[in-house]
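Okay, structure first, notes after.
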Amino acid sequence: MQPSEVKALLDSRLDGCQFHIQGEGCNFQVVAVGEAFEGLSPVKRQQLVYGALSDEIASGALHAISIKTYTPAQWENAPENAQ
């Protein structure tokens, strides 16, 4: 898979989030930003993103995924958002 394919899957399955994807093959790093993460524990945030990709993980199309999640307010100060 390509990062653009992973982004398209996430865009179609998780509303109101922005995704920044890096990686190749079946190994990707996902940074997700959205109001959907407000009030959720770090584990629940990751489960939300993993759940959106569960079919691809089960099939082996995606193998290793690292996920970082932020609310929009947290994203303003996130190291990945350095300008």
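A few points about this structure:
- Subset of the range 73-83 that is in a loop (DSSP other than H, G, I, E, B) and among the hydrophobic types (A, V, I, L, M, F, W, C) - its residue that is nearest to the chain's Cα centre (by Cα): ALA78
- All positions within the range 60-72 that are modelled with pLDDT of 95 or more and not in a strand (DSSP E or B): THR71, PRO72
The values are calculated or read from the model by the stated rules, or taken from the named source; none is laboratory data. Please read these numbers as outputs of a predicted model, since none were measured by experiment.
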